[in-house]
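Visitor: Here it is: the structure, laid out below.
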Amino acid sequence: MKLIVGLGNPGAKYAGNRHNIGFMAVDEIHRRHSGFQPWRARFQGQVSEGRLGAEKVLLLKPNTYMNESGRAVGEAMRFFKLEPEDIVVLYDELDLPPAKFRMKKGGGHGGHNGLRSITAHIGADYRRLRLGIGHPGDKKLVSNYVLGDFAKADRDWLEPLLTEIADQADLLAEGKDSQFANKLTLALEPDKAQRKPKPSAEVKKPAGQKSAPPKGQSHIRQARQAKPVSVPKSGPMADMLKKLLGGKD
């Protein structure tokens, strides 16, 4: 059994909040995989059981409000006798731009109350899917920002992100986090998948520049191999050379 947890706050008034992107992602997994059972109340949350790939999976949305999420996660973990690595938590991340994501295992809570609670109940070694929502720019604005709804313009990146998470959720269930991240990147940022062409090995010389000697040959050897220079046999230059070199007529 694997446990996929979406974080958020229960109730209709919070449904469209940025803080509820974890709920949204788990809802999309449930919607796009027909084998999951209807949602029902259990483990202080809403759960649905089904399969992703070869793995049996429990989807969980805690009903405890964000800052007590660990109670629901801990109860489900103990019931199924799971290890922290069997659990992946999907949640909003202020320190990532909108539409960006990161997979991570273990670490601190980064000030996120949902993670703080989960870590207090089960330790820090669970897996995390961080979903970027951006930062309002001022710490004083954070609370209203995360509890505010996504704008209509956000649908342009939010819907493709949630769809791709759902479509690749079997990799999450199987613990193939690197492959999952690669698939999302290829789908959402295809430009990153294109390899840049290697520069040509042939480099043109600027006009007038002499060629370097072949590898392994010195300039002296190159000079020795050069064609002999033509020396004049008569005239003033020839006479001068004969005097310098001691040549005869």
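The values are calculated or read from the model by the stated rules, or taken from the named source; none is laboratory data. Just so you know, these numbers come straight off a predicted model, no measurement behind them. Counting neighbours? That spans all protein chains shown, and the Cβs are built from the backbone with ideal geometry, glycine included. Side chains included, ligands, DNA and RNA excluded: accessible areas come from the protein's heavy atoms. Shrake-Rupley method; radii C 1.70, N 1.55, O 1.52, S 1.80 Å.
Visitor: Please give the peptides 114-120, 185-191, 138-144, 14-20 ranked by average Cβ packing (other Cβ atoms within 10 Å per residue), highest first, as a rough proxy for protection.
Guide: Ranking, from highest mean packing down: 114-120, 14-20, 185-191, 138-144.
Visitor: For segment 1-124, what % of the accessible area comes from carbon and sulfur atoms, probe 1.4 Å?
Guide: Within segment 1-124, the accessible surface is 48 percent carbon and sulfur.
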